[in-house]
Structure formats: structure tokens, C-alpha cells
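Trainee: Before anything else, here's the structure in question.
Read-outs: derived from the displayed coordinates by stated rules, not from any lab. Just so it is clear, the structure is predicted and the values come from calculations on it, not from any experiment. In this analysis, Cβ positions are derived from the backbone assuming ideal geometry, glycine residues included, and neighbour counts consider all displayed protein chains.
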Amino acid sequence: MNGWILAATVELGGGGAAALWGVTTGPPARRVVAQNLTTSAVCPALLLLAQGYGRPSYVDLALLLALLGPVGTLVFARLLSDDLAGERPGAWPLTWTAAGLGAAVVLALCVAGAPGRATVKLLVIGALLISGNVIASRALAGGYRGVRGG
Amino acid sequence: MTRRTAPRAALLAAGELLAWWAVLALLWLVLISTVDTLERIVGASCAAVGALLARTGRRAVSWR
């Protein structure tokens, strides 16, 4: 057990449990927002675990989650667009808090590791995570309703 | 009668493909664990295919 693993545990125990609670209870609008925030909660924890166990290849898991999580949310936004039309679900304070958490974790890992290709990879993951989450949140809130085919 | 592509359009297309290829090849080099000759060859090939797909997708979205 080291500091990285402890941080990942706190992150998973706090953010992951909160996301699970949000997904399993309440109206659909709340559930879909919580489902979107799951990516932001779990992805930084995976990065912290990779650092904690000293296995850089585990970072690929976080990369894949950062890429596919928002895509999954976009599918939900499309499929549930009729149900969510009147609700415009959104939780912007939470969304930006999660984005800040992701940025803080990525920055901490960048500072901890030697600069090089791994640093660039971390920054790519961070950019994917934050931009994907913000775009998916905006899609859920109906921000792209006027877009052709959206 | 054969339709000839304007040189300017061909140049623009080549430039766009080259830009996509450069970005995708760079991404490949960043994301792999060890850089060696085989990885470079495979990465360059995949980036070439990806560049074609990216341009096709971009044209499909922007109706041109």
C-alpha cells in the first residue's frame, strides 16, 4: 500500500460509490447524469492504480475508458432523447469538479514521472477524459439538439 | 470525356491526408510502450489507412 493506491481507494470509494448510488436510484435524468460521471470517477482511479502498482501498461485501461465512456453516454443521449427532452438533465458543478479531479490526477502523475512519451500519453488521456466528459454532459443537457442528425 | 481534377484540389487533398497521417503517426508513437523499427512500420501503415478514413469521414460530415 502506498500513497497512490490509497488515493485511488479514496477516489473509488467516494466517487465510484456516489456514481453507483446515482445510477441505481432516482429518475432517469439523474441516472443518466450519474452514468456519465462514472467515467470521470473511475478513470483517474485507474491512472492512480497503474502508478501505485508500477505498471505503466495498465494506463491503457484508463485511455480506453476515457475514449469509450463519453461515446457510451452519447448513445444514451441519443436513445433517451425523447424521455429527456423536457428535463435537460445536467449537473455542471459536479461535472466541472470531476473535470478538475481528472486534471489534478493527471498533473500529479506527470510531475511524479520522468518527462517523456509517458507524460504526453498522460496528457492525451487527460484531454480525452475532460473534453469527452464536458461534451457528453452538454449532449445530455440538450446542448446539441439543433445539430443536424443529433 | 475524362474529368480532370484541378491541381489545387489535388494539392489540398494531399495536404489534408499528410496532416492526418502526421497526427495519427505521432499519436501512435506516443501511445506504444517501446519504439522500434517494426512499430514504426506498422504505425506508419496504420496511420496511412487512418488518414484515408479520417478524410472520408470529414468529407461525409461536411457535405463536400
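Trainee: Between A:Ala85 and B:Ser45, what is the spin-label point distance in nm, taking each point 7 Å from the Cα along the Cα→C-beta axis?
Mentor: For A:Ala85 paired with B:Ser45, the spin-label model returns 5.0 nm.
Trainee: Which of A:Ala108, A:Ala45, A:Ala139 moves most in a GNM of chain A, Cα contacts under 10 Å?
Mentor: A:Ala108
Trainee: Continuing with the same structure: At 0.36 nm per residue, and after removing the present C-alpha to C-alpha distance, how many nm does the segment from B:Leu26 to B:Ala6 gain when stretched out fully? Don't jump to the answer; show the numbers that get you there.
Mentor: Numbers: separation 20, 0.36 × 20 = 7.20 nm, distance 3.04 nm.
Length gained between B:Leu26 and B:Ala6: 4.2 nm.
Trainee: Okay, next question. Which longest run of chain A has no exposed loop site in it, a site being trypsin sites (Lys or Arg not before Pro) in a DSSP loop with at most 13 other beta carbons within 10 Å, and the site itself not part of the run? Before the final figure, lay out the partial values.
Mentor: Details: sites that count: A:Arg145, A:Arg148.
In chain A, the maximal stretch lacking such sites is A:1-144.
Trainee: Run the numbers on chain A and let me know its relative contact order in percent, using alpha-carbon pairs under 8 Å that are six or more apart. Working shown, then result.
Mentor: Working: 168 pairs, mean separation 41.5, N = 150.
Rounded, it is 28 percent for chain A.
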